[in-house]
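Each remark here refers to the structure printed beneath this line.
The values are calculated or read from the model by the stated rules, or taken from the named source; none is laboratory data. This is a predicted model, so every value here is computed, not measured. So basically every Cβ, Gly included, is an ideal-geometry build from the backbone, and we count neighbours across all protein chains shown. Calculation scope for accessible area: heavy atoms of the full protein, side chains included, ligands and nucleic acids excluded. Shrake-Rupley method; radii C 1.70, N 1.55, O 1.52, S 1.80 Å.
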Amino acid sequence: WGYMLGGSSRRIINARTETVFEKPMFAGSLSVQKCAIPCTGFYEWQKAGGKSNPFFISLKDSPFFYLGGLYNRFRVGSDSLAARFVVLTAPADSSMQTIHSRMPLMIPPDGKERWLTQKEDIPSLIESFQSAPRALEIKAL
C-alpha cells in the first residue's frame, strides 16, 4: 500500500481528489490504472483533548463497498516491479465532518464496474461518487 517516493522508503498512501489531477505522480494512473479496494468499512480517528478516538465507519445498507484508488508499479531492488496503490480521499461529507475533515472515496458495489472501466471525464466520475447519497453507520470504538 502506498506509492514509493523516489528512492526512499517513504510512501504516499492517500491522494486528494481535489489535487490528484495536478500531481505528476498520479497523472498516468487516473484513466487506466484505477482500482477498487473491497472493504466492510474504514477507521478514522477524531482528535479531541490531546487524544485520538477511533471510529469505524461502514454503510448502513450494504455489508461491503469499495474504496476508489489508483495503482502503479514501482521498481523494487534491481530487477523486479511491485504493484502499489493509493486510496483517493475527498472532503468529509456532513455525517463525517465532526470526526475528520477527510474520508475515502466510497464506491458502492453497483458502481465498481463504472469506476474501473470509465476512461473519459474522470473528474465527473469522482464527483458522482463523492456526491452520491449514502447512509453511514459510525461506531465509536
Loop-located GluC sites (Glu not before Pro) in the range 68-141 whose Cβ has at most 14 other Cβ within 10 Å (DSSP): 120
Answer label for percent of Cα pairs over 17 Å apart (calculated), chosen among (1) 62; (2) 66; (3) 69: (1)
Candidates 54, 24, 108: whichever shows maximal mean-square fluctuation once the chain is modelled as a Gaussian network with Cα springs under 10 Å: 24
Accessible-area order (highest first, 1.4 angstrom probe) of the listed residues 1, 115: 1, 115
Nonlocal amide H pairs with residue 89, under 5 Å, H built at 1.01 Å: 15, 16, 17, 105
The range 23-91 - convex hull of the alpha-carbon atoms, volume per residue in Å³: 169
The range 79-136 and the range 1-74: distance between their alpha carbon centers, rounded to Å: 9
Flagged links, alpha-carbon separation over 28 Å, of 23/139; 23/60; 23/112: 23/139; 23/60
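Out of the range 1-95, which GluC sites (Glu not before Pro) are coil in DSSP terms and have no more than 16 other C-beta atoms within 10 Å?
Details: sites: 18, 22, 44; in loops: 18, 22.
Those that pass, being in a loop and sparsely packed, are 18, 22.
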Sequence-distant residues sharing a close amide H with residue 96 (under 5 Å, placed H): none
Calculated [θ] (222 nm, deg cm²/dmol) that DSSP helices of n ≥ 4 give over the chain, each run adding -39,500 (n - 2.57): -3000 deg cm²/dmol
Cα convex hull of the range 100-141 - mean projected area over all directions, nm²: 3.9
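Fully extended, how many nm does the chain gain between residue 73 and residue 110 (0.36 nm per residue separation, minus their Cα-Cα distance)? All intermediate terms of the calculation are to be shown ahead of the outcome.
Numbers: separation 37, 0.36 × 37 = 13.32 nm, distance 2.73 nm.
That pair, residue 73 and residue 110, stretches by 10.6 nm at full extension.
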Farthest toward positive dipole pole in the chain [+1 Lys/Arg, -1 Asp/Glu at C-beta], among 80, 46, 130: 80
Residues residue 92 and residue 51, FRET efficiency given R0 of 22 Å [Cβ-Cβ distance, rounded to 0.05]: 0.65
Cut-off 14 Å (backbone N to label point 7 Å along Cα→Cβ of residue 43), residues of the range 113-141: 139-141
